[in-house]
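Beneath this line is the structure, given in structure tokens, with notes to follow.
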Amino acid sequence: MKSIISTFHRDPPSSSSSRDWLGNCILAARVICASADYVPFPYIKTVFGTALAFLETVERIKQNRDDLEELCLSTLQIVSILKEELSFHGDTAGIRFRGLCEEPIGTVSGDA
């Protein structure tokens, strides 16, 4: 199980500049969009507005991917803990686990 967890775990990049390039591009596109009304070239605001929308979408997708990877890692860690508990406690693990889950389940379903 640990090899599966290590497969999903990635260390963050060593330099912050490699992670900030997208934010810098978005900032530049915003500045150009804001100042495009004062530039005598037609369609500059439309072009950079479109580029800004694209870059912001890329940033959201990147964040969603990071969140999904974190969720997968957490889920695999929970499965690993449950597997260890089952191997350590044997047959009584199911009864113990059920007892631990009854209170949260009752709270969620409104029985408590």
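We did not get these values from a lab; they are worked out from the coordinates using the rules stated. Computed from a prediction, not measured in an experiment: that's the story for all the values here. In this analysis, Cβ positions are derived from the backbone assuming ideal geometry, glycine residues included, and neighbour counts consider all displayed protein chains.
Structure values in brief
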| item | result |
| --- | --- |
| Centre separation in Å (Cα based) which lies between the stretch 53-112 and the stretch 24-47 | 44 |
| Length added when fully stretched, residue 34-residue 68, from 0.36 nm per residue minus Cα-Cα | 8.9 nm |
| Among 110, 68, 97 - extreme Cα towards positive end, dipole of the stretch 56-112, charges at beta-carbon | 97 |
| Globularity ratio of the stretch 61-112, using Cα Rg and 2.2 N^0.38 Å | 1.55 |
| Cα-centre dipole for the stretch 62-112 with unit charges at Cβ (Lys and Arg positive, Asp and Glu negative), debye to 20 | 100 |
| Peptides ranked, highest mean first, by Cβ atoms within 10 Å: ranges 57-66, 73-82 | 73-82, 57-66 |
